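FYI, it's all coordinate maths here, none of it is from the lab. This is a predicted model, so every value here is computed, not measured. Virtual Cβ from ideal backbone geometry, glycine too; neighbours counted across all protein chains shown.
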Amino acid sequence: MNQMASLTCSSSSSFSTKLPLHSSTPLTRRRRRSTHEFLRMVTRSCLDDSSALLRAAQYTVDTYVKSGMVVGLGSGHASGMAIQHLGHQLRIGNLKDIVGIPMSVASASEAAKSGIPLDTYQDSTQIDFAFDDADAIEEGTLVAIIGRRKLQSEESIVQEKSILYAANKLVFIIEENQYKGGLEGSIPVLIHSVWRRPAIGQAGPLGGDFPLVTKEGCNVLDLIFTSPIASLAEVAKRLDTVDGVVDHGVVSKIPCTVVIASPNGMKILDKLTADIVG
């Protein structure tokens, strides 16, 4: 039996409109932008393929992390590079008095090797800044999907999202192909553990043979969309109302910045206010 159970759903509507980042596009029926909302794009110097993500990670640390901050340390390849660079900046004295709040065992391990002082997350923890990877970012809205990658039992989407939402400032570091409209594929959904009757072997409250169970005691399902998702925010809103759903991999955080690593230039997108839907 696979570790990840699978639900297959089809999105009934298509992603028919895209929000350009610079134009004064008329208001649409699906999504309207307030006069106080804007997305800012800045193109940096051209980067080669091998260094683009590293430069984006270094830019994130150098631009947003200041001495004395409590910093949420994300999970993933880009976050790992940012953690290493943060540790280097501490060692050479460019930054001081940084405390890291790791989002996973992997980020805690990388931070410890990099010499970053760590603390554990509590509900009352004040986090000045956080950075993280994302599996995908929805074009225009900057709503993110996390948790598609294979999770270990000691990792927690719940904890990762709690740290992201607690941060005063959030940056996602992604590659160019991860930013697009009309997203398809999976959204991880955490549910209360279920008692399943297996065809072979024994089952208990945590499921049958080889279930994936998070440290909170949740099973993880993949909600599969085979056609473009019209609105990640709407999907998240509906999942929040389903009995038995504990959490999911959709992150809608405001304010939010996305640093996009591209061979043609680094792009920085800012989302400062919410869309008005009507």
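With neighbours defined as other Cβ atoms within 10 Å of a residue's Cβ, the residues Ile260, Ile83, Ile191 order from fewest to most as Ile191, Ile260, Ile83.
Extension gain, Thr125-Tyr165: 0.36 nm per intervening residue step, less the Cα-Cα distance, totals 13.3 nm.
Over 31 Å between Cα atoms, which of Lys113/Lys180; Lys237/Lys271; Lys237/Lys267 qualify? Checking Cα-Cα distances, Lys113/Lys180 exceed 31 Å.
I'd like the trypsin sites (Lys or Arg not before Pro) in segment 96-168 restricted to DSSP loop residues with at most 11 other Cβ atoms within 10 Å, sorted by number.
Lys96, Lys150
Here the extension length gained between Thr63 and Val99 equals 11.2 nm, from 0.36 nm per residue of separation less the Cα-Cα distance. For Ile116, what charge total do you get from the other residues with a beta carbon under 11 Å from its beta carbon, if Lys and Arg give +1 and Asp and Glu give -1? Neighbourhood net charge equals 0.
Within straight-line reach of Lys215, meaning a Cα separation under 21 Å, sit the following lysines at least 8 residues removed in sequence or on another chain: Lys150, Lys161. For Ile174, neighbours were defined as the other residues whose beta-carbon sits under 9 Å from its Cβ, and their charges (Lys and Arg +1, Asp and Glu -1) total -4.
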